[in-house]
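Below: the structure, in structure tokens.
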Amino acid sequence: MHLAVQEAQRLELDCVQVFTKNQRQWKWKPLADEEIKAFRAAVHDAGWHTNPERRLVSHNSYLVNLASPDAEMRAKSSALQLQETERCEQLGIPSCVMHPGAHLGTAGNAVDEEAGIRRLVAELDAIHRSTKGYSTVTCIENTVGSGTNLGGPLEHLARIRAAVKNPERVAFCFDTCHATAFGHDMSTPAKAKSFWQSFESVVGRAHVRVIHVNDSKGALGSHLDRHENLGGGTCGKPCFATMAHMLAFRHVPMIMETPKEGKLRGRDPDRANAAWLRALSLAMFACVSLTMLGGCRPWAKSDAELTAARVGAVAPTAEESDRLRRAQSVADRGDYQEALGEFRALLTENPRLVDVQVAVGTITLEQGDIRAAQRSYEAAIQADPRNVDAHIGLARTHLAAQRNDDAVRCYRQALVLAPTDMRAIAGIADALERSGNRSAAIPFLERLAADAGADADAWSRVARAYLIAGRAAEASAAYEEAVTLGEVSEGTMDGLIAAYTAESRFAEASSAGSEFARRWPSAAASERAAWLAFRAADYDRAIVAYRHAAEQDPRSIKAWNGVGVCALNSWLLSDRLDGGAREESRRAFEQSLAVEPAQPQVEKLLRTYAP
């Protein structure tokens, strides 16, 4: 961990977030004395020991769920979180970020949410009692609010801190990506101001101890936890500009959990993202017009740098640059026609303004005018063959027109120019999957899953491709990774069951099938859970599940036959002494035949064993 501090210094950053152990494993080994000494020495050498609360942050294990209704899971989570707190105290890390967890009841149910919060608070109180006198503060992180995860509404955060017995031991970590994906809109200066006014009244800005500065790949309210480089997502420039200038946050460490691979604008991604945020801050201090808050590509190089890098492109004049910024600000407000009018006026005067061509392509594609978008992107590529945004935009027009092969070709051209561009990698995977060529998509899906910001959806996609390709073991492992990353979706759980079944891992498949039936109850789900339990030789669980299926759908012959076979099996295993099991078998088979008389095999079983 001491290397993280040294790397932050090398990149000219002034704070760092670390994991004190493997964040995806329950097990841990105690910190060695030499590890503790090395970390504290690196902190001292950096000069961070005098105000560590501004510099040092830890993130707990992703496995912790203190809100779970399962007592065994809560106990494991509490033990792990206690260990995280103790490790932070040993290392002198004053802030430990923690997700609030999932209540695992019914999504959106206020009673289940309140029960989850009560369980979380009780576990935190127990941890605080065990660590009395510790200086480490637990920082509850807001979430995208998917499924049954707590922490999307601001009220959840406020209720947690208000309920703990030692509120001074609890603060908050605010994540910009999570906020946007949940639906907190900060995309304009007015909306950002309004949000923070609400935050102040509900939670209190003074209680924010850590900020995760991430842009969002998912749209506003998408509940998709996927991080993007600053300025490259849907949060909006005002989201970051407003936050960067709040006096309440002037000493709060801002941690970038943005993509780390490759280069961004020719630099280390962390350094490039930090530079973008600092430039935004300086622009605000210099009283630059608010129209600059809506730039098309806010992370772009200067006009002079762009001109030097382009082939055949013409540099915009100062007046053109100002008009471009104003038009983009109008587009960001959603006034597409007004923005298009200004963009086209600029192109009439100077048709080789590549950024304008790309902007027109983006708007017209959003409006559904595929041909107009294609013309704009092609014009941009003609003026600047190395413009990655133009190639990706053109690929998206082909994808929208269901020209999958052409889309793959354009995305590949973008990858030649920018080998680590995740938009191009994701686009190729999408196009190949749409064309039915899932095997060819696997390498690109693997790259998406290997990305630092990969979420459960990315792992589920590659898992699904593995399963279709007959690579069951890899599919199981990928689905398991998806399960550890977030709230489990119906599709992910369904795929996990299919992968386990394909491997003949019936015990695991049975457990997953039972959980699926609990979360998404139906006769079909109960029937599958019963069949899997039967294959795992868990006959007691099987007959209970078949009975439940019959209750859910009294006309299900699968359910009645399942009850009959399981009861018959119990009778035979009892050396034919369990008369109750035999009688249940007879009744179940008779009920099945009443629903569907044409079942010769059932009739034979009934005549042979339960006349």
Task: Selection from Thr317, Ala331, Ala4 lying farthest towards where the dipole of the chain points positive, charges on Cβ - done: Ala4
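Indicate, rounded to the nearest 5 percent, the antiparallel portion of the DSSP beta bridges found entirely in segment 71-217. Walk me through the intermediate numbers first.
On the way: 1 of 13 bridges.
Looking only at bridges with both residues in segment 71-217, the antiparallel portion is about 10 percent.
Just the C-alpha atoms of segment 123-206: what Rg/Rh do they give, with Rh taken as the Kirkwood radius? Kindly include the intermediate steps, with their values, before the conclusion.
Details: Rg = 14.1 Å, Rh = 13.8 Å.
Over the Cα atoms of segment 123-206, Rg/Rh equals 1.02.
Using DSSP to call loops (not H, G, I, E or B), can you name the GluC sites (Glu not before Pro) in segment 484-572 whose Cβ has at most 15 other Cβ atoms within 10 angstrom? Walk me through the numbers before you get to the answer.
Details: sites: Glu487, Glu490, Glu503, Glu508, Glu515, Glu527, Glu551; in loops: Glu487, Glu503.
Here the GluC sites (Glu not before Pro) that fit, given the DSSP loop and packing criteria, are Glu503.
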TODO: Sum -39500 (n - 2.57) across every DSSP H segment of at least 4 residues in the chain, then divide by the residue count to get the 222 nm mean residue ellipticity, nearest 500.
DONE: -19000 deg cm²/dmol
Task: Net charge, Ala567 excluded, C-beta distance under 11 Å - Lys, Arg +1, Asp, Glu -1 - done: +1
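Jot down the per residue volume, in cubic angstrom and as a whole number, of the convex hull over the alpha-carbon atoms of segment 500-611. Kindly include the intermediate steps, with their values, before the conclusion.
Working: hull volume 10.8 nm³, N = 112.
Considering the Cα atoms of segment 500-611, their hull volume per residue is 97 Å³.
Quick one: Cα convex hull volume of the chain, Å³ per residue? Please report the intermediate quantities before stating the final value.
On the way: hull volume 113.7 nm³, N = 611.
Considering the Cα atoms of the chain, their hull volume per residue is 186 Å³.
So what's segment 477-525 giving for Cα Rg divided by 2.2 N^0.38 Å, two decimals?
Details: Rg = 10.2 Å, N = 49, 2.2 N^0.38 = 9.7 Å.
Here the Cα radius of gyration is 1.06 times the empirical estimate.
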- [ ] Provide the gained length on full extension for the span Arg587 to Tyr62, in nm with one decimal, where the gain is 0.36 nm per separating residue minus the Cα-Cα distance.
- [x] 184.2 nm
Task: Fewest-first sequence of Leu572, Leu485 by Cβ atoms within 10 Å of each Cβ - done: Leu572, Leu485
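Tally Lys/Arg at +1 and Asp/Glu at -1 over every other residue whose Cβ is under 12 Å from the Cβ of Leu340; what's the total? Don't skip to the answer; put the middle values down first.
On the way: positive: Arg344; negative: Asp335, Glu338, Glu342, Glu366, Asp369.
It works out to a net charge of -4.
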Open item on the list: Given Cβ point charges of +1 (Lys, Arg) and -1 (Asp, Glu) and nothing else, what value in debye, to the nearest 20, does the dipole of segment 99-216 about its Cα centre take?
Closed with: 420 debye
Open item on the list: With the cut-off at 22 Å, tell me which of the pairs Lys29/Lys76; Lys193/Lys260; Lys76/Lys260; Lys76/Lys217; Lys21/Lys165 have Cα atoms farther apart than that.
Closed with: Lys193/Lys260; Lys76/Lys260; Lys76/Lys217; Lys21/Lys165
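Need the full-extension length gain, Ala345 to Glu319, defined as separation in residues times 0.36 nm minus the C-alpha distance. One decimal, nm.
Values: separation 26, 0.36 × 26 = 9.36 nm, distance 1.30 nm.
Roughly 8.1 nm would be gained on extension.
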Open item on the list: Can you tell me which aspartates and glutamates have their Cα less than 12 Å from the Cα of Lys237? Leave out same-chain residues fewer than eight positions away.
Closed with: Asp185, Asp215, Asp332
Task: Cβ-based net charge around Lys21, under 12 Å, with every Lys or Arg adding one and every Asp or Glu removing one - done: +1
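Could you give the length gained on full extension between Lys193 and Asn569, defined as 0.36 nm per residue of separation minus the Cα-Cα distance, in nm?
Numbers: separation 376, 0.36 × 376 = 135.36 nm, distance 6.73 nm.
Length gained, Lys193 through Asn569: 128.6 nm.
With +1 assigned to the C-beta of every Lys and Arg and -1 to the C-beta of every Asp and Glu, and no other charges, what is the dipole magnitude of the chain about the Cα centre in debye, to the nearest 20? Each step should come with its number before you reach the end.
Working: 72 positive and 77 negative charges, 68 e Å.
The calculation lands at about 320 debye.
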Task: Computed over segment 433-533, Cα set: Rg, Dmax in Å - done: 13.6, 39
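Antiparallel as a % of all DSSP beta bridges within the chain, to the nearest 5? Kindly include the intermediate steps, with their values, before the conclusion.
Details: 4 of 24 bridges.
If we restrict to bridges inside the chain, about 15 percent are antiparallel.
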Open item on the list: Projecting each Cα onto the charge dipole of the chain (Lys/Arg +1, Asp/Glu -1 at the beta carbon, about the Cα centre), which of Ile117, Ile93, Ala499 comes out farthest on the positive side?
Closed with: Ile93
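Laboratory data are not the source of any read-out in this text; all were calculated from the coordinates shown. This is a predicted model, so every value here is computed, not measured. All Cβ positions, glycine included, derive from the backbone under ideal geometry; neighbour counts span all protein chains shown.
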